[in-house]
Amino acid sequence: MNKMKLSLVMLLAFSMLLAACGGKSEGSQGGSSDGASGEVKTVKIFQFKTEIVDGLNELKVEFEKEYPNIKLDIQTVGGGADYGAALKTKFASNDAPDIFSNGGDAEMEMWIDRLEDLSDQPWVNDLVEMAKEPMTKDGKVYGMPMNLEGWGYIYNKDLFEQAGITELPKTYAQLEEAAKKLEAAGTTPFANAYQEWWLIGNQGINPAFAQQDDPNAFIQGLNDGTQKFAGNAKFEEWAKLMQLTLDHGNKNPLTTDYNTAISLLATEKTAMMQNGNWSQTEIDAINPDLNLGYLPMPLGDNAEQNDKLNVGVPANLVINKDSASKEEAKIFLNWFVTSDIGKEYIVKKFKFIPALTTIEATPEDMGDLGSAVWEYVQDGKVLPRQSAKFPDGVAQEFSGSMQAFFAGKSDANKMLEDMQTSWDSLSK
């Protein structure tokens, strides 16, 4: 009996010794890459690009194979949902993510106290300059740009040719003439997904800001009360453009969502759609054989000024500086843009235009739309994205004013006055 007790004591002591040795493994010191057993860290990622969810989950599997001590918890809130509000709720409820999306500029300023300085990360020196700017403050880089994106009017080249449109419209008058030719050929010109607040209040409005003589000075003037929307020539021309799309667009635009507009274009029920190159994969899923290109969103009749495409960084991945897993988060971000499979997914699966010079993408990788955007970028024909400079929440307010105009409940001047009221109240 005593021998049995002694054996049990020795066995227990030996087990405790093994546990202690295991607790000192390299893997417990911050998620080593050698697969050693140890503490497993979870990196919570909260992002808004709904079109890459499947691909991210596939990359999660590959990453966790390589880094078994790091687990990824990927959550996505996007599309018609309010990502910004959802992110604030996460932080307020003590469920803050380790990695989250940030638009840069004013949005970076709003979250700056939560952001880890990433200036020392190996990928920073490889950033495309225009992608670096929105997340740089005082010489420090606070976010990794996911990609470059462009948006304007996607158009079906074959339907244009069938309608006898031989010159691509670069002015309001030319676009109106093209719309009439398409209707005469039996095709609805525009697919308008004006149910989507982000499509109109965040992106559709961009040319009116970006075509100002000095967009930053104009936005500062809005903030200090020296500039107004009503009476501004670019905003009045933009309101005319919006009316043109309504007059020559699909029925019920205010109940048409993103996916419905994609379907209208992909099935060739319409010839044009305001959208970005991110929609390539969803269009291809319905009809991979379309011959697509981009048109600018023309304000007035200055062809040279209009011959530019809206381009910017849609989202930057940032790290919560208070995260207990921020070193593991850095490992994932670096792996995402340097591993062979990460780079492959960025260009081939997501159809992204890379924001890093070390990631190569062919026209076949990016598709018709990404290739068209890249041509505008290379030619310097770019209208930089302005919405990240807006007061928080104003894009949603803009969309409400625009939807009232689309519904016939206000005129163009009232829409611009309502937008002014929203800006004034939210910029205080």
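The values are calculated or read from the model by the stated rules, or taken from the named source; none is laboratory data. Since the model is a prediction, treat every value here as computed from it, not as a measurement. Virtual Cβ from ideal backbone geometry, glycine too; neighbours counted across all protein chains shown. Ligands, DNA and RNA are stripped out before the accessible areas are found, and what is left, the full protein with its side chains, is counted by its heavy atoms. Shrake-Rupley method; radii C 1.70, N 1.55, O 1.52, S 1.80 Å.
Along its principal axes, what span do the Cα atoms of the range 56-199 show, with the longest given first and each in whole Å?
Principal extents (Cα only, largest first): 61, 33, 32 Å.
Using alpha carbons only, how many degrees (0 to 90, rounded to 10) separate the axis of helix 326-338 from the longest principal axis of the chain?
Roughly 60 degrees, rounded to the nearest 10.
Work out how much length residue 412 to residue 220 would gain on full extension: take 0.36 nm times their residue separation and subtract the Cα-Cα distance, in nm to one decimal.
Values: separation 192, 0.36 × 192 = 69.12 nm, distance 2.32 nm.
The residue 412-residue 220 span can extend by a further 66.8 nm.
Summarise the long-distance tail of P(r) for the range 126-237 by giving the % of C-alpha pairs beyond 18 Å. Don't jump to the answer; show the numbers that get you there.
Numbers: 4223 of 6216 pairs.
Of all Cα-Cα distances in the range 126-237, 68 percent exceed 18 Å.
Can you give the net charge of the other residues whose Cβ lies under 14 Å from the Cβ of residue 273, counting K and R as +1 and D and E as -1? Can you show the working numbers first?
On the way: positive: 157, 269; negative: 196, 257, 268, 282, 368.
So the environment of residue 273 carries a net charge of -3.
May I ask which residue of 320, 335, 358 lies farthest towards the positive end of the charge dipole of the range 301-359, with charges of +1 (Lys, Arg) and -1 (Asp, Glu) on Cβ and the Cα centre as origin?
335
Return, ordered by residue number, the residues of the range 174-207 whose backbone nitrogen is under 17 Å from a label point located 7 Å along Cα→Cβ of residue 255.
192-196
If I take R0 = 41 Å and measure r between the Cβ atoms of residue 213 and residue 39 in this structure, what FRET efficiency does the formula 1/(1 + (r/R0)^6) give, to the nearest 0.05?
Values: r = 56 Å, r/R0 = 1.38.
Efficiency, from the Cβ-Cβ distance: 0.15.
Tell me the carbon and sulfur percent of the accessible area for the chain, rounded to whole percent, probe radius 1.4 Å.
On the way: 9190 of 18850 Å².
Summing carbon and sulfur atoms, their accessible area is 49 percent of the total for the chain.
Using +1 on the beta carbon of Lys and Arg, -1 on that of Asp and Glu, and nothing else charged, what's the dipole of the range 34-83 about the Cα centre, debye to 20?
Values: 6 positive and 10 negative charges, 29 e Å.
Here the range 34-83 has a charge dipole of around 140 debye.
Highest GNM mean-square fluctuation, the chain, Cα pairs closer than 10 Å: which of 200, 45, 341?
Maximum among the listed residues: 341.
Give me the angle, in degrees from 0 to 90, between the Cα long axis of helix 412-426 and the longest principal axis of the Cα atoms of the chain, rounded to the nearest 10.
Helix 412-426 and the main axis of the chain meet at about 30 degrees.
Given the options 245, 260, 171, state which has the largest fluctuation in a GNM of the chain using a 10 Å cut-off (strictly under) for Cα springs.
260
Between residue 113 and residue 73, what is the label-to-label distance in nm when each label sits 7 Å out along the Cα-to-Cβ direction?
2.5 nm
Set the Förster distance to 41 Å, then compute FRET efficiency between residue 166 and residue 427 from the Cβ-Cβ distance, nearest 0.05.
On the way: r = 46 Å, r/R0 = 1.11.
The formula returns an efficiency of 0.35 here.
Counting helices only, and only those DSSP H runs with n ≥ 4, report the 222 nm mean residue ellipticity of the chain as the sum of -39,500 (n - 2.57) divided by its residues, in deg cm²/dmol to the nearest 500.
Details: 18 runs with 187 residues, N = 428.
Dividing the helical sum by the residues of the chain leaves -13000 deg cm²/dmol.
Round to a whole angstrom and tell me the spacing of the C-alpha centers of the range 160-191 and the range 285-313.
That distance is 14 Å.
When the chain is modelled as a GNM with alpha-carbon springs shorter than 10 Å, which of 40, 373, 394 fluctuates the most?
40
Quick one: Karplus J couplings for the range 201-216, per residue in order, coefficients 6.51, -1.76, 1.60, θ = phi - 60°, nearest Hz, x for Gly and Pro?
Running phi through 6.51 cos²θ - 1.76 cosθ + 1.60 with θ = phi - 60° gives x, 9, 10, x, 7, 4, x, 5, 7, 5, 8, 5, 4, 9, x, 5 Hz.
Once you treat every alpha carbon in the range 302-428 as an equal point and sum by Debye, what is log10 I(q)/I(0) at q = 0.11, 0.19, 0.20, 0.21 Å⁻¹?
Here the Debye-derived log intensity ratios amount to -0.65, -1.08, -1.11, -1.14.
Taking the highest mean first, how do the peptides 416-422, 307-313 order by number of other beta carbon atoms within 10 angstrom per residue? Numbers along the way, then the final one.
Values: 416-422: 19.7, 307-313: 24.4.
Result, highest mean Cβ count within 10 Å first: 307-313, 416-422.
If one takes the longest principal axis of the Cα atoms in the chain, at what angle in degrees, from 0 to 90 and to the nearest 10, does the Cα axis of helix 53-66 lie?
30 degrees
How many nm separate the modelled label positions at residue 53 and residue 348, each set 7 Å beyond the Cα in the direction of the Cβ?
Result: 2.5 nm between the two label points.
Label the range 200-289 by shape, choosing from rounded, prolate and oblate, from the square roots a ≥ b ≥ c of the eigenvalues of the Cα gyration tensor; if a/c is under 1.5 it is rounded, and otherwise prolate applies when a/b is larger than b/c, oblate when it is not.
Cα axes put the range 200-289 in the prolate bin.
Given the chain, what percent of its DSSP beta bridges are antiparallel, to the nearest 5?
Details: 23 of 39 bridges.
Close to 60 percent.
Using a Cα-Cα cut-off of under 13 Å, which aspartates and glutamates could be cross-linked to residue 414, ignoring same-chain neighbours fewer than 8 residues away?
Answer for residue 414, where 13 Å is the Cα cut-off: 236, listed by chain and number.
Let's test the formula: R0 of 56 Å, r as the Cβ-Cβ distance of residue 92 and residue 173. What FRET efficiency results, to the nearest 0.05? All intermediate terms of the calculation are to be shown ahead of the outcome.
Working: r = 51 Å, r/R0 = 0.90.
Approximately 0.65, to the nearest 0.05.
Lysines near residue 180 by alpha-carbon distance under 25 Å, same-chain residues fewer than 8 away left out - which ones?
Once the sequence-local lysines are set aside, what remains near residue 180 is 157, 170, 234, 240, 251, 269, 308.
Roll a 1.4 Å probe over the protein heavy atoms and report the accessible area of residue 374 in Å², nearest 10.
80 Å²
Using only the Cα atoms, what convex hull volume per residue in Å³ does the chain have? Can you show the working numbers first?
Details: hull volume 72.1 nm³, N = 428.
Normalising the Cα hull of the chain by residue number yields 169 Å³.
Please report, in debye to the nearest 20, how large the charge dipole of the chain is about its Cα centre when each Lys and Arg carries +1 at its beta carbon and each Asp and Glu carries -1 there.
Charge dipole of the chain: 1360 debye, to the nearest 20.
Could you tell me, in Å, what Rg and Dmax come out for the Cα atoms of the range 251-333?
Taking only Cα atoms of the range 251-333, I get Rg and Dmax of 18.8, 55 Å.
Under the classification rounded if a/c is under 1.5, otherwise prolate if a/b is larger than b/c and oblate if not, where does the range 46-96 fall, given a ≥ b ≥ c as square roots of the Cα gyration tensor eigenvalues?
In terms of gyration-tensor shape, oblate.
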